[in-house]
1. Can you name the residue in the range 196-213 that is free of Cβ contacts under 8 Å to residues at least 24 places away in the same chain and under 28 Å from the mean Cα position of the chain (by Cα) and, of all such residues, is least open to solvent (accessible area, probe 1.4 Å)?
2. Here is a check on your reading of the model: is Lys193 open to solvent by 40 Å² or more (accessible area, probe 1.4 Å), basic (Lys, Arg) and assigned to a loop (DSSP other than H, G, I, E, B)?
3. In the range 186-203, how many residues are within 12 Å of Asn219 (Cα to Cα) and hydrophobic (A, V, I, L, M, F, W, C)?
4. Could you please find all residues in the range 241-274 being among the β-branched types (Val, Ile, Thr) and under 29 Å from Tyr154 (Cα atoms)?
5. Which residues, counting only those in the range 228-276, are in a helix (DSSP H, G or I), among the acidic types (Asp, Glu) and loosely packed, with under 15 Cβ neighbours inside 10 Å?
6. When you scan the range 113-125, how many residues do you find that are open to solvent by 10 Å² or more (accessible area, probe 1.4 Å) and in contact (Cβ under 8 Å) with a residue 12 or more places away in the chain?
7. Of Ala431, Ala446, Ala391, which residue is over 29 Å from Thr104 (Cβ atoms) and not polar (S, T, N, Q)?
8. Could you pull out the residue among Trp385, Trp421 that is touching a Ser or Thr at 6+ places or on another chain (Cβ under 9 Å), assigned to a loop (DSSP other than H, G, I, E, B) and closer than 30 Å to Ala98 by Cβ?
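The values are calculated or read from the model by the stated rules, or taken from the named source; none is laboratory data. The structure displayed is predicted, hence computed values, not measured ones. Virtual Cβ from ideal backbone geometry, glycine too; neighbours counted across all protein chains shown. Accessible surface areas use protein heavy atoms only, side chains included; no ligands, DNA or RNA. Shrake-Rupley method; radii C 1.70, N 1.55, O 1.52, S 1.80 Å.
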Amino acid sequence: EDRKHSPSKDEEADWDNRAVDYRTWYEQYSGEAVEELDKSKTPKEGRQPYKWPLRINPVGIACRLHQQALVGEIKDPADPVAPAYCEPKDKNSKDDIAVAAEATEAIRQVEQENGIAALDTECMLLTQVWGGIVQRVVFDGQADFLESGIRIEYLKPEECWFRWQGNNYRFPPTDAWLKRTISKEDAARYGVKIDQDGEYFEHWSAEERHVMIDGKPANHPDTGEPMYGKNPYGLVPFLYTPHTRGGEAWGESFIPGAVGMIEELNNRMADTGDSSFLNVHEYPVGWNIQEGHPVERRLPDGRPWLNLGRILGKSPEPHLDFMKRPPVSEAAIKFTEDVLELLRLQLMTSEASYGVLQGTQRSGQTVYSLGWLMHSHVNLERIYWTQSLIARSEMILKLLKLYGKHEIGEQHLGLRKRVQWSPQVPMDRQALVNEMTARISDGTIAPDTGM
């Protein structure tokens, strides 16, 4: 019975492998990957030093740059990042216009109750890390803070696995699985008794929903209704939004291609730092010192010096000097700069994305062009997000109709929807004023609209 509702063995193996990848990528984003300790060195103050003292983590910065460009220059932080609007079937029909407005308002109400601006903003960051994010829309009529009863949440992709029909990836999956660890206390809320942490498991298809804990059917924690049997929604309430796609169901993260460059950058920067330190703190050496032989000694100020012994002969004059070390070569510096430039390309960023501009007087269009690599990539991300936001809006309306909320009926379903995104860069106000002035003057726009 358990195997009936589980993915195939090949799918489970792929699921486990992807879960390992997701955790590895998140370590790169969080910086944990560059906090490796150098076990070859003697511990200081009870712990070993870091392998890379600077712990440079360009991935975290790049992910947030992409997130910020994806969100854009929003007008009101309380509004959805990219609101979806329903269009009337007949734009000349007052009744159709009213129906579309009702559907849009119902979607806005559900989004407001779920704090969708903050939720989507976080998801837009995590798509950069994991190559995609999972959201689902469910009915939770017991939650006091959800007047509509619709709950929108995001899930880690490592917890989920999907099966699609062919390559119809832009549609909801035909089957969805959710697997995570659950404590014995939480399991008791589902009416399942376990002695220790267990496995929480869900399987959804359009016809069936099965929720199990350690293989035992679960009941709804609030209503006590069985959660093992018929799917009450008639749809799979999961949405997967990829970062970008390249022929596979799962989205692509740019982190795997950056790992080697990040390690190389940290290694070379560490070498440069060590070279600077050694040249500033030159090592004193001495020879022809009485009772001397190659041994490290200490000067009165505590600095070490190396006694190299004596030259054979009649009382040669003693000497104390500094051991000269060659500075970092220009080729080594150039190599580090090249690695950094390659890393920026892999992360789809440029100097302009970080606010570094060559020169002083730059027009807005020039600045945009310098950051075109990132902005054009973010436009691709918006394409995939648009598809998911449209699908999520329709899913919200279907559940509202199913549970009789906001007077949503059959006439509100299946409407064409558009998603409105904010500009990625601030608008050039002077250029806008000049354009409106010219268009009002030649009659190509109404004065009220221009204002």
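1. Restricting to residues being free of Cβ contacts under 8 Å to residues at least 24 places away in the same chain and under 28 Å from the mean Cα position of the chain (by Cα), the top hit is Tyr200.
2. Working: open to solvent by 40 Å² or more (accessible area, probe 1.4 Å): yes; basic (Lys, Arg): yes; assigned to a loop (DSSP other than H, G, I, E, B): yes.
Criteria met by Lys193.
3. Here the count works out to 3.
4. Going residue by residue through the range 241-274, those that are among the β-branched types (Val, Ile, Thr) are 241, 244, 255, 259, 262, 272.
Once the filter is applied, which keeps residues that are among the β-branched types (Val, Ile, Thr) and under 29 Å from Tyr154 (Cα atoms), the range 241-274 yields Thr241, Thr244, Ile255, Val259.
5. Step one: filter the range 228-276 for residues in a helix (DSSP H, G or I), giving 256-276.
Narrowing further to those that are among the acidic types (Asp, Glu): 263-264, 271, 274.
Across the range 228-276, the qualifying residues are Asp271, Asp274.
6. Narrowing the range 113-125 to residues open to solvent by 10 Å² or more (accessible area, probe 1.4 Å): 113-115, 117-119, 121-122, 125.
Still in the running and in contact (Cβ under 8 Å) with a residue 12 or more places away in the chain: 113-114, 117, 119, 121-122, 125.
Residues in the range 113-125 being open to solvent by 10 Å² or more (accessible area, probe 1.4 Å) and in contact (Cβ under 8 Å) with a residue 12 or more places away in the chain: 7 in total.
7. Details: Ala446 fails: over 29 Å from Thr104 (Cβ atoms); Ala391 fails: over 29 Å from Thr104 (Cβ atoms).
Being over 29 Å from Thr104 (Cβ atoms) and not polar (S, T, N, Q) holds for just one of Ala431, Ala446, Ala391, which is Ala431.
8. On the way: Trp385 fails: assigned to a loop (DSSP other than H, G, I, E, B).
After applying the criteria, what remains is Trp421.
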